[in-house]
Each structure stands twice: as structure tokens, then as C-alpha cells.
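A short worksheet on the structure shown next.
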Amino acid sequence: MADAHAHLDTAGLVVVDKPAGITSHDVVAKCRKGFNTRRVGHAGTLDPMATGVLVIGIERATKLLGLLSLTTKSYTATIRLGAATDSDDAQGDVTSSADASAVSDDDIASGIAALTGDIMQVPAKVSAIKVDGRRAHALMRTGEEFELPARPVSVDRFDVVATRRDGPFVDLDVEVDCSSGTYIRALARDLGAGLGVGGHLTALRRTKVGPFGLDHARTLDELVRDPDSGATPQLSLHIDEAAKLAFGHRDISFDEAEGISQGRWLTPIGRKDVYVAIDPDGRPIALIREKGRRASSVMVVRPATLR
């Protein structure tokens with residue numbers, strides 16, 4: 001039983017500030033080493049070129065990842081106008097170029113306005129979207145021709161914070177708040193295409209995913225275990241803190257907590273979202289979803305055996 005309690009004590013989320021040049025799977029591997037456990041997973045991926053917020057689940061908190069409402073994301077990015085690439089970013093091959101020096105600030109503002117709000121967006125071809133069972137980025141590497149259908153996304157904010165004009169290029173530093181599934185590189189591509197000069201992404205940093213931001217984040221250097229020091233890396237949020245931060249709350253009695261932790265259900269209170277049931281001691285007991293006459297657990301945060 002002591003081992004079970006230890007697993008709960010070390011369960012939680014790590015918000016990693018991912019560096020450029022490594023994959024999300026590389027981050028998971030490093031966290032497995034740092035926390036000395038195989039039970040590690042991630043919510044959402046970041047391209048190797050991108051930096052910033054990547055949410056990692058440790059131990060029992062891996063079960064939280066699929067339930068987190070990470071529907072809003074924030075980014076800072078740099079868009080270069082004057083060249084298009086086959087990957088919509090600086091790592092791809094240039095497919096067309098045009099002198100963008102005559103593009104005015106007003107032209108750019110109009111182009112951005114057209115890409116703000118609820119829009120239809122064709123995902124980047126280097127995305128992980130499947131086409132006939134194969135990933136788009138894998139198909140692209142084979143040279144096979146294919147098209148991805150447009151899909152609805154929401155861009156709540158698309159602001160230019162700096163403009164630099166360098167010969168035939170215009171570089172825009174932007175800040176974007178958007179729905180999950182929005183491709184910032186596709187915004188760069190479509191802005192450049194709309195202005196007739198081509199565009200691609202040269203830098204991308206994710207600053208927030210749902211309620212998790214850079215203020216929660218730790219660098220990989222802080223997470224990799226030093227065998228000589230004997231120190232262990234620290235969670236960004238214990239599983240209790242993560243559940244309270246990420247979900248709406250419902251207070252329950254000790255009797256209700258005992259029942260829900262053993263698989264029984266609660267009486268619904270008319271909520272459509274997943275929420276966390278919290279006992280009188282302030283401990284999250286389970287994540288609850290209501291359906292019909294039952295409010296049942298979709299994940300028990302603290303099973304009776306671990307409380």
C-alpha cells in the first residue's frame with residue numbers, strides 16, 4: 001500500500017518549456033528518465049522547430065490527459081512575407097518568391113482581418129492528419145500529390161506586435177489566440193497567399209494551452225535527473241492541483257466521496273461539462289460526467305485504496 005501512496009504523491013502534470021530541435025516524444029523520454037517511471041504521456045504535440053508549453057502527465061495523471069479541455073491555445077510567432085515553402089515553415093524548400101517590399105501595413109492588417117474569427121482552414125501538409133490511413137507529413141515526404149480538406153477553426157486574436165522590412169522580405173512578429181486544431185503555419189501561408197507574395201513561418205512559440213501557461217513551465221534541464229545529486233525533479237502541478245485548475249468544481253459529502261470512489265454514481269445537477277467532485281477536506285475524488293439520471297465518474301482521481 002505504501003507504494004500505491006507513493007505513486008499518488010508523485011502523480012501530476014509537468015508543463016515543459018520545450019526547446020527547439022526535439023520532438024514531443026523526445027520530451028516524454030526525458031521525463032521518463034527524470035521521474036524514473038514509464039507512466040508518462042503528453043497532451044498535444046509541438047513541432048520540432050517550435051518551443052514552449054507542452055503538457056506532460058506523470059503516473060496516474062496520464063489518465064487526465066485525454067479529459068483536459070485544451071481547446072484554446074496561444075502562440076507568439078514570426079511570419080516572413082515574400083516567400084512560400086512546401087512545409088509552410090523555414091525548414092521546407094522555397095516554392096515561390098516575390099518582392100514584398102511594396103506590401104503596406106494596411107494591406108497586412110486587411111489580410112490578417114480576413115484570417116481572424118471563425119474561418120475555414122486547410123491544414124499544413126506537414127501535419128499529422130491522416131489521409132487514407134497515412135500521416136500527411138509522411139505522404140509529403142514521398143512526393144505523392146494529395147489535398148487536405150478545409151476545416152473550421154477559430155482565431156480569436158491575431159495581432160502584429162512588430163514589423164521589420166528587410167529588402168524583399170517583410171517579417172511580422174505576431175501573437176495568436178486560437179482554437180485547438182488551428183495551424184499557425186497555415187495562417188502564415190494564407191496571409192502571404194492573400195497578399196500575393198507568399199508567406200511562411202520562421203519561428204513559433206506556444207505560450208499557453210488551456211489553463212496551462214509559461215508561468216507553470218519548467219525547462220528540460222530542470223527535469224532531467226542528476227544521478228550524483230540524488231535530487232528528483234518537481235511536478236508543475238500535483239494531480240490534485242491539476243484537477244482543480246482544469247475542471248469546474250462540485251462539492252460532495254464524505255459519504256458521496258466514498259461511494260463515487262468505489263464506482264457508484266451521484267445525482268446529476270444539470271452540468272454538461274466534465275467536472276471534479278471535491279470532498280469536504282478539499283480533495284478531488286473523481287472527474288464526473290452526467291448522462292441521463294446518473295453522474296458517473298470518468299476517472300477516479302483518488303480511489304478508495306489510495307485515500
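So here's what we get for this one:
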{"read-out": "Relative intensity, log₁₀ I(q)/I(0), of the chain from a Debye sum that treats every alpha carbon as a point, q = 0.07, 0.08, 0.10, 0.16 Å⁻¹", "value": "-0.35, -0.45, -0.67, -1.23"}
{"read-out": "Sorted by Cβ neighbour density within 10 Å, fewest at the top, the residues Ser97, Ser297", "value": "Ser97, Ser297"}
{"read-out": "The chain - charge dipole about Cα centre, Lys and Arg +1 at Cβ, Asp and Glu -1, debye rounded to 20", "value": "1340"}
{"read-out": "Cα→Cβ-extended label distance, 7 Å offset, between Glu175 and Arg294, nm", "value": "4.6"}
{"read-out": "Which listed pairs, of Lys30/Lys63; Lys244/Lys291; Lys30/Lys244; Lys18/Lys63; Lys33/Lys73, have C-alpha distances above 25 Å, in listed order", "value": "Lys30/Lys244; Lys33/Lys73"}
{"read-out": "Segment Asp251-Ala114, extension gain: residue separation times 0.36 nm, minus the distance between their alpha carbons", "value": "44.9 nm"}
{"read-out": "Least to most buried among Val55, Val94 (fewest other Cβ within 10 Å first)", "value": "Val94, Val55"}
{"read-out": "Likely footprinting exposure, Ile285, Ile269, fewest C-beta neighbours within 10 Å first", "value": "Ile269, Ile285"}
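Just so you know, all these numbers are worked out from the coordinates, no wet-lab data involved. Just so it is clear, the model here is predicted, and its values are computed rather than measured. So basically every Cβ, Gly included, is an ideal-geometry build from the backbone, and we count neighbours across all protein chains shown.
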